[in-house]
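So the structure is just underneath, and the comments pick up after that.
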Amino acid sequence: MDFTTDDAKIAAGTLRADLADQQITISHSRALELVAHQLGYRDWNTAAAVLGRSGADAAGLGAPVPVLRVQRFEDAQSFYLDYLGFGVEWEHRFEPDMPLYARISRGEACLDLSEHHGDGTPGSSVWVPVADVMALHKELEQKKYPALRPGVEVDAPGGPTLSVIDPFGNSLRFCEQT
């Protein structure tokens with residue numbers, strides 16, 4: 001079972017109650033910050049962006065997986081695997097000479113890449129939440145992808161954002177929610 005934001009809020013309430021029993025008073029927001037630190041996150045906002053919610057959907061809907069159109073998976077590999085650090089979860093071809101369909105992931109982020117003409121639209125955009133956009137920026141700066149030197153837009157809507165464009169015109173926007 002994964003730890004959720006609801007679990008973190010319950011833990012913060014328990015922490016406040018336990019401390020109150022010892023005559024120590026802290027605010028609810030301070031308790032949330034302390035629980036976030038115990039879980040290994042920089043602050044509550046980061047934890048809340050990364051942790052899922054329990055009971056949010058009785059049908060059990062999962063996170064959507066965008067399908068991005070790529071013309072050649074070999075070209076996609078150097079960008080998505082070598083540069084961005086994704087790994088291949090699985091690959092599928094109907095026959096050896098047919099187009100490839102693959103699922104890649106890094107952390108909680110999942111993308112499907114398809115060589116099929118009817119899948120995805122070149123030039124699509126995908127918004128990806130990240131816990132620390134500056135750490136991602138530093139990692140990508142060290143890898144030096146040809147003709148791509150992304151920066152971080154600090155005042156972007158939603159929070160600091162690092163945008164990259166893949167070799168097929170698809171845009172990935174890595175955003176640290178504030």
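If residue 164 meets every condition in (1) over 16 Å from the mean Cα position of the chain (by Cα); (2) not in a loop (DSSP other than H, G, I, E, B) apart from one, which number is that one?
(1)
Does residue 98 satisfy the condition of being assigned to a loop (DSSP other than H, G, I, E, B) and either modelled with pLDDT of 85 or more or surrounded by 15 or more Cβ atoms within 10 Å (Cβ to Cβ) (or both)?
yes
Only one residue in 141, 115 is charged (D, E, K, R), more than 14 Å from residue 172 (Cα to Cα) and either loosely packed, with under 13 Cβ neighbours inside 10 Å or within 15 Å of the chain's Cα centre (by Cα) (or both), so which one is that?
The conditions single out 141.
Please identify the pairs in which a residue from segment 4-19 that is closer than 12 Å to residue 51 by Cβ has its Cβ atom under 9 Å from the Cβ atom of a residue that is hydroxyl-bearing (Ser, Thr, Tyr), counting only partners at least 6 apart or on another chain.
Pairs found: 4/54; 5/54; 6/54; 7/54.
Within segment 139-178, how many residues turn out to be among the hydrophobic types (A, V, I, L, M, F, W, C), modelled with pLDDT of 90 or more and within 21 Å of residue 123 (Cβ to Cβ)?
So the count comes out to 7.
Report, by residue number, each residue of segment 115-137 that is out of contact with any Leu (no Cβ under 7 Å at 6 or more places or on another chain) and assigned to a strand (DSSP E or B).
Hits for segment 115-137 are 125, 127, 129.
Let me confirm something: among 20, 56, 12, which residue is surrounded by fewer than 18 Cβ atoms within 10 Å (Cβ to Cβ), modelled with pLDDT under 90 and in a helix (DSSP H, G or I)?
Exactly one of 20, 56, 12 is surrounded by fewer than 18 Cβ atoms within 10 Å (Cβ to Cβ), modelled with pLDDT under 90 and in a helix (DSSP H, G or I), namely 20.
Could you go through segment 79-90 and let me know if any residue there is touching a Lys or Arg at 6+ places or on another chain (Cβ under 9 Å) and either modelled with pLDDT under 85 or acidic (Asp, Glu) (or both).
So far as segment 79-90 goes, yes, one or more of its residues are touching a Lys or Arg at 6+ places or on another chain (Cβ under 9 Å) and either modelled with pLDDT under 85 or acidic (Asp, Glu) (or both).
Considering (1) under 16 Å from the mean Cα position of the chain (by Cα); (2) loosely packed, with under 15 Cβ neighbours inside 10 Å, say which one residue 175 fails and leave the rest.
Among (1) under 16 Å from the mean Cα position of the chain (by Cα); (2) loosely packed, with under 15 Cβ neighbours inside 10 Å, the lone unmet condition for residue 175 is (2).
Of (1) outside the structural domain of residue 131 (by TED's automatic domain parsing); (2) surrounded by 11 or more Cβ atoms within 10 Å (Cβ to Cβ); (3) within 16 Å of the chain's Cα centre (by Cα), residue 104 satisfies all except one. Which?
(1)
The values are calculated or read from the model by the stated rules, or taken from the named source; none is laboratory data. Keep in mind that what you see is a predicted model, and the values were worked out from it rather than measured. Positions of Cβ are generated from backbone atoms using ideal geometry, with glycine treated the same way; all protein chains shown enter the neighbour counts.
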